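Notes to accompany the following structure.
The values are calculated or read from the model by the stated rules, or taken from the named source; none is laboratory data. Note that the structure is a prediction, hence the values are computed from the model and not measured. Note that each Cβ is placed from the backbone with ideal geometry, even for glycine, and that neighbours are counted across all protein chains shown. When the accessible area is computed, the model is the full protein with side chains, heavy atoms only, and any ligands, DNA or RNA have been set aside. Shrake-Rupley method; radii C 1.70, N 1.55, O 1.52, S 1.80 Å.
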Amino acid sequence: MPETMRAARYHGPGDSLRLEEVPIPEPGPGETLVRVKAAGICHTELHFLSGVLNLGVAPLTLGHEMAGEVARVGPGVETVQPGERVVVYYYVGCGTCHWCRTGQENLCEALVAEYGFVSDGGLAEYVKVPARNLVKLPAGLSYEAAATLGCSATTAIHAAGLAGLRPGDVALVYGFGGVGAALVQYCRVAGARVLAVGRSPAKLQLARDLGAEATIDASKEDVPARVHELTSGRGADVIFELVGTAESMPKAVASLRKRGRLVFIGYSRDLLTVSPIQLVVLEAQVMGSVGNTLDELTRAVELAAAGAIGPAFDRVVPLEDVNHVLDDLRQGNVVGRAVVRP
Ligand SMILES: [Zn+2]
Ligand SMILES: [Zn+2]
């Protein structure tokens, strides 16, 4: 086995990722070394590069959506073996705080690791993670499809759960990237009616192909007016805000139904400005949704295995192309998820 590997490394905001040769980590007790076969590129990567998200850890290998094959296991690992196909759960909680004890590691008060955020992630040939962070893949699921479950699909499942999405609800997916593609599909699985907002014909077409009953082009149409038109004047029960800009936020608020829930998943440097009366008269709720739980990743794998959530990836590229893909993502030219094969 070689001693070094290639990794796409983050060196702080304002720089692009650098392809570097770094040591292959050694799995310790309870840990595994996974040969990454596919890693999704999330909008979060752009937030790191712009500095909107700055966790102060650099240099760092980004990438929190990854699937691969177990290459080696450390002492005491009995749940997985070399050669098994897996997708990685990217949080390692402290295990003792209230959130960890209730299975909500995404809110852990003292994270031990978070791959691709504060710990070396999947935009590399190998990643070292505890055995308990691996979810085994069924034979029919490709690595590329599995990688996109790691953040996109699990984040969608988590947000829909927080929002209390019910069958028959109208869900508005505001912004159509990787998480949006998963949300459209998951909301359909959950029995909701789905409307999607985007800005490019290709993305809106994909949203319809994945099950959105109608799409709204935010660059041409009046979003709140269209939402009310499509819902007999009522508005959307749940709005998943995946954009979070000064342009999108007021339109999302104005599209809410009475008792509607506005869930922020996307963000920018812009501020949410809302008059309390807008929320008061609707008895509306505004909430945030961050990441996902290990249980939700297991659920995502089950849904994908059953064909209920399909992959929506735009392209599969070698690690060398990562900066090019990030440029395309920034410009809105990635339809669904782009996947890297390190
Ligand atoms: Zn992500
Ligand atoms: Zn914890």
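Just for segment 111-150: of the residues that are more than 21 Å from residue 70 (Cα to Cα) and either of a type in the set (D, E, K, R) or out of contact with any Gly (no Cβ under 8 Å at 6 or more places or on another chain) (or both), which one is farthest from ligand 1 (Cβ to nearest atom)?
118
Considering only residues that are within 15 Å of residue 70 (Cα to Cα), of a type outside the set (Lys, Arg) and surrounded by fewer than 23 Cβ atoms within 10 Å (Cβ to Cβ), look in segment 30-46 and name the one that is farthest from ligand 2 (Cβ to nearest atom).
Applying the filter and picking the extreme gives 33.
Assess whether residue 192 counts as being in contact (Cβ under 8 Å) with a residue 24 or more places away in the chain, in contact with a helix residue (DSSP H, G or I) (Cβ under 9 Å, 6 or more places away or on another chain) and either more than 16 Å from ligand 1 (Cβ to nearest atom) or farther than 24 Å from residue 29 by Cβ (or both).
Taking the combined requirement at face value, the residue satisfies it.
If I filter segment 142-155 for residues that are of a type outside the set (S, T, N, Q), under 16 Å from residue 314 (Cα atoms) and not in a helix (DSSP H, G or I), do I get at least one hit?
The answer is no, given that none of the residues of segment 142-155 is of a type outside the set (S, T, N, Q), under 16 Å from residue 314 (Cα atoms) and not in a helix (DSSP H, G or I).
Identify the residue in segment 159-179 that is of a type outside the set (A, V, I, L, M, F, W, C) and modelled with pLDDT of 95 or more and, among all such residues, is surrounded by the fewest Cβ atoms within 10 Å (Cβ to Cβ).
Top of the filtered list is 167.
Look at segment 209-254 and say how many of its residues are open to solvent by 10 Å² or more (accessible area, probe 1.4 Å), of a type in the set (S, T, N, Q) and more than 22 Å from the chain's Cα centre (by Cα).
Residues flagged as open to solvent by 10 Å² or more (accessible area, probe 1.4 Å), of a type in the set (S, T, N, Q) and more than 22 Å from the chain's Cα centre (by Cα) within segment 209-254 amount to 2.
Out of curiosity, is residue 103 open to solvent by less than 20 Å² (accessible area, probe 1.4 Å), over 24 Å from residue 338 (Cα atoms) and within 16 Å of ligand 2 (Cβ to nearest atom)?
For residue 103, the condition - open to solvent by less than 20 Å² (accessible area, probe 1.4 Å), over 24 Å from residue 338 (Cα atoms) and within 16 Å of ligand 2 (Cβ to nearest atom) - is not met.
Restricting to segment 318-339, what's the tally of residues that are outside any helix (DSSP H, G or I), buried (at least 16 other Cβ atoms within 10 Å of the Cβ) and of a type outside the set (D, E, K, R)?
5
Only one of these conditions is not met by residue 148: (1) free of Cβ contacts under 8 Å to residues at least 24 places away in the same chain; (2) polar (S, T, N, Q); (3) closer than 18 Å to residue 296 by Cβ. Which number is it?
Residue 148 satisfies every listed condition except (1).
Residues are listed down the side, and each one gets a yes or a no for (1) in contact (Cβ under 8 Å) with a residue 24 or more places away in the chain; (2) among the hydroxyl-bearing types (Ser, Thr, Tyr); (3) in contact with a Leu (Cβ under 6 Å, 6 or more places away or on another chain); (4) more than 18 Å from residue 126 (Cα to Cα):
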residue	(1), (2), (3), (4)
45	yes, no, yes, yes
51	yes, no, no, yes
76	yes, no, no, yes
82	no, no, no, no
86	yes, no, yes, no
97	no, no, no, yes
104	yes, no, no, yes
111	no, no, no, yes
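Output the number of the condition that residue 260 fails; it satisfies all remaining conditions of (1) free of Cβ contacts under 8 Å to residues at least 60 places away in the same chain; (2) open to solvent by less than 10 Å² (accessible area, probe 1.4 Å); (3) under 20 Å from the mean Cα position of the chain (by Cα).
(3)
Which condition number in (1) touching a Gly at 6+ places or on another chain (Cβ under 8 Å); (2) outside any loop (DSSP other than H, G, I, E, B) is the one that residue 244 fails?
Unmet for residue 244, out of (1) touching a Gly at 6+ places or on another chain (Cβ under 8 Å); (2) outside any loop (DSSP other than H, G, I, E, B): (2).
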